[in-house]
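Visitor: Shown below is the structure under consideration.
The values are calculated or read from the model by the stated rules, or taken from the named source; none is laboratory data. Remember, it's a predicted structure, so these values are computed and weren't measured experimentally. Using ideal geometry, Cβ is built from the backbone for each residue, glycine included, and neighbour counts are taken over all protein chains shown. In case anyone asks, the SASA skips ligands and DNA or RNA and just uses the protein heavy atoms, side chains included. Shrake-Rupley method; radii C 1.70, N 1.55, O 1.52, S 1.80 Å.
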Amino acid sequence: MRPLRFATVALTAAALTLPLLSGVATAEPSAERHSHAKHDRLRVAAPEGFYVGTAVAGGGHHLEQDYPDPFTYDRQYRKILGRQFSSVSPENQMKWDFIHPERDRYDFAAADAIVDFADKHGQVVRGHTLLWHSQNPAWLEEGDFTKAELRAILRDHITTVVGRYAGRIQQWDVANEIFDGEGNLRTQENIWLRELGPGVIADAFRWAHRADPHAQLFLNDYGVESVNAKSDAYLALVKDLRARRVPVHGFSAQAHLSTRYGFPGDLEQNLRRFDALGLETAITELDVRMDLPESGVPTPEQLTQQADYYQRALTACLAVDDCNSFTIWGFTDKYSWVPVFFEGEGSATVMTEDFRRKPAFYALLDTLKG
């Protein structure tokens with residue numbers, strides 16, 4: 001797909017630069033542009049075989065907010081979710097503390113609802129996530145288990161969860177955030193690495209592959225958008241795993257970005273390093289947070305910078321042969337995780353709290369249309 005995509009991306013990038021910088025894109029587009037007609041849908045604008053996704057809000061920090069479960073109760077949210085996106089990722093609903101709350105009990109209700117929704121709307125699903133140091137249930141982190149018991153618990157979890165959705169989930173984040181910023185394995189924070197050693201990473205991929213031989217299995221992390229110590233560590237790990245015939249199929253950059261910092265200009269170059277190894281690549285959790293003024297309303301200049309970051313991330317993915325999955329981490333500020341975890345920052349998604357489209361939305365749409 002590279003020749004056609006590359007030409008399209010180059011032309012689109014050139015075409016978008018002037019309008020965005022001149023402030024043509026606004027926070028309140030015309031009613032015509034705000035429609036959900038097919039020509040204004042991201043999934044329709046995407047090239048064939050290229051999936052545009054979003055996280056499905058729910059679980060996790062949402063349980064502490066003063067609103068009911070977004071996916072279950074917000075009809076407008078669900079309508080936009082189905083119309084605009086060809087891929088969905090459970091934001092929290094497949095993480096350990098949500099789907100495996102007790103040692104001998106799984107809770108699949110929320111995850112089942114998302115997968116069923118995706119089937120109904122012709123969407124693929126990214127499973128998130130199987131081996132992670134965070135959002136584990138207390139029974140696991142505080143339990144007194146032998147190494148053999150822990151290994152059996154992890155194997156059972158992966159086999160049960162992946163097996164339940166076999167044939168219905170396109171990609172799985174198997175190992176999530178296993179390196180720190182210096183490129184060292186999280187051998188203290190991560191219960192699996194601490195207790196079972198780094199060999200458990202290969203085991204997790206093998207177990208997941210056996211449970212669903214058709215799913216694409218990924219390593220996933222933040223802070224790996226650039227060529228740096230962390231992404232270098234993943235590159236070395238992939239080479240080692242592939243040499244041992246471990247079924248690793250992809251590498252993905254989360255891309256939680258902030259306008260406090262410059263855009264990672266070597267994103268495309270970095271993705272190409274993994275593409276050259278024969279891996280799928282993906283952007284899996286893109287959002288672009290900003291420091292909000294006292295009014296809480298972003299300035300036109302902030303919205304323009306944010307749109308530029310979104311457009312450049314998409315352009316980088318489109319330019320790489322097998323970067324075929326591009327996911328934003330939520331599409332409305334109404335349910336964004338950012339203000340909960342980054343005090344003073346927000347407005348990180350492509351729509352406002354009342355679902356008005358920002359310049360960032362149109363930057364993605366126009367880039368996909370080419």
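Visitor: Could you please find all residues in region 250-259 being in contact (Cβ under 8 Å) with a residue 40 or more places away in the chain and either open to solvent by 50 Å² or more (accessible area, probe 1.4 Å) or within 17 Å of residue 178 (Cα to Cα) (or both)?
Guide: The initial filter retains those residues of region 250-259 that are in contact (Cβ under 8 Å) with a residue 40 or more places away in the chain, namely 250, 252, 254-259.
250, 252, 254, 255, 256, listed by residue number.
Visitor: Failed condition for residue 125, given (1) on the phi < 0 side of the Ramachandran plot; (2) not in a strand (DSSP E or B); (3) not charged (D, E, K, R), with all others met?
Guide: (2)
Visitor: OK, next. Count, please, the residues in region 32-88 that happen to be part of a helix (DSSP H, G or I) and not small (Gly, Ala, Ser).
Guide: Pass one, region 32-88, residues part of a helix (DSSP H, G or I): 38-40, 42-45, 60-64, 70-73, 75-84.
With not small (Gly, Ala, Ser) added as a condition, the list becomes 38-40, 42-44, 61-64, 70-73, 75-81, 83-84.
Here the count works out to 23.
Visitor: Mind checking which pairs have a first residue in region 61-85 that is small (Gly, Ala, Ser) and a second that is open to solvent by less than 80 Å² (accessible area, probe 1.4 Å), Cβ under 7 Å, 6 or more apart or different chains?
Guide: Every condition considered, the pairs that remain are 82/121.
Visitor: Right, here's the next one. Scan region 319-338 for residues that are out of contact with any helix residue (DSSP H, G or I) (no Cβ under 7 Å at 6 or more places or on another chain) and open to solvent by 10 Å² or more (accessible area, probe 1.4 Å) and report the count.
Guide: 6
Visitor: If residue 184 meets every condition in (1) polar (S, T, N, Q); (2) crowded, with 22+ Cβ neighbours inside 10 Å; (3) more than 16 Å from residue 205 (Cα to Cα) apart from one, which number is that one?
Guide: Just one mismatch for residue 184, condition (2).
Visitor: Please go through (1) surrounded by fewer than 20 Cβ atoms within 10 Å (Cβ to Cβ); (2) at pLDDT 95 or above for residue 93 and return the number of the only condition it doesn't satisfy.
Guide: Condition (1) is where residue 93 drops out.
Visitor: Can I ask one more? Mind checking whether some residue in region 299-314 is more than 16 Å from the chain's Cα centre (by Cα), modelled with pLDDT of 95 or more and of a type in the set (Lys, Arg)?
Guide: Yes, region 299-314 contains at least one residue that is more than 16 Å from the chain's Cα centre (by Cα), modelled with pLDDT of 95 or more and of a type in the set (Lys, Arg).
Visitor: If I filter region 191-227 down to residues being among the charged types (D, E, K, R) and in contact (Cβ under 8 Å) with a residue 40 or more places away in the chain, which single residue comes out as farthest from residue 327 (Cα to Cα)? Break it down into steps so the answer makes sense when it comes.
Guide: Going residue by residue through region 191-227, those that are among the charged types (D, E, K, R) are 194-195, 203, 206, 210, 212, 221, 225.
If we keep only those that are in contact (Cβ under 8 Å) with a residue 40 or more places away in the chain too, we end up with 195, 203, 206, 210, 212, 221, 225.
Values: 195: 32, 203: 27, 206: 25, 210: 26, 212: 22, 221: 14, 225: 14 Å.
Once the filter is applied, the top-ranked residue is 195.
Visitor: Could you list, in sequence order, all residues of region 289-310 that are aliphatic (A, V, I, L, M) and buried (at least 20 other Cβ atoms within 10 Å of the Cβ)? Walk me through it before giving the result.
Guide: Filtering region 289-310 for residues aliphatic (A, V, I, L, M) gives 290, 292, 297, 303, 307.
Once the filter is applied, which keeps residues that are aliphatic (A, V, I, L, M) and buried (at least 20 other Cβ atoms within 10 Å of the Cβ), region 289-310 yields 290, 303, 307.
Visitor: Among the residues of region 152-170, is there at least one that is over 18 Å from residue 222 (Cβ atoms) and under 16 Å from the mean Cα position of the chain (by Cα)? Spell out the reasoning first.
Guide: First pass over region 152-170, keeping only residues over 18 Å from residue 222 (Cβ atoms): 152-170.
Then keep just the ones that are under 16 Å from the mean Cα position of the chain (by Cα); that gives 169-170.
Yes; the residues of region 152-170 include at least one that is over 18 Å from residue 222 (Cβ atoms) and under 16 Å from the mean Cα position of the chain (by Cα).
Visitor: Could you run through region 121-179 and say how many residues are crowded, with 20+ Cβ neighbours inside 10 Å and among the polar types (S, T, N, Q)?
Guide: 4
Visitor: Also: Can you confirm whether residue 278 is closer than 17 Å to residue 132 by Cβ, loosely packed, with under 15 Cβ neighbours inside 10 Å and of a type in the set (Gly, Ala, Ser)?
Guide: Values: closer than 17 Å to residue 132 by Cβ: no; loosely packed, with under 15 Cβ neighbours inside 10 Å: yes; of a type in the set (Gly, Ala, Ser): yes.
No; evaluated as a whole, the condition is false for this residue.
Visitor: Now a separate question. Which pairs turn up if I take residues in region 128-147 that are more than 17 Å from residue 284 (Cβ to Cβ) and look for partners that are among the β-branched types (Val, Ile, Thr) with beta carbon separation below 9 Å, at least 6 apart in sequence or on another chain?
Guide: Correct list of pairs: 133/178; 133/191; 136/191; 140/153; 140/191; 141/191; 143/153; 145/153.
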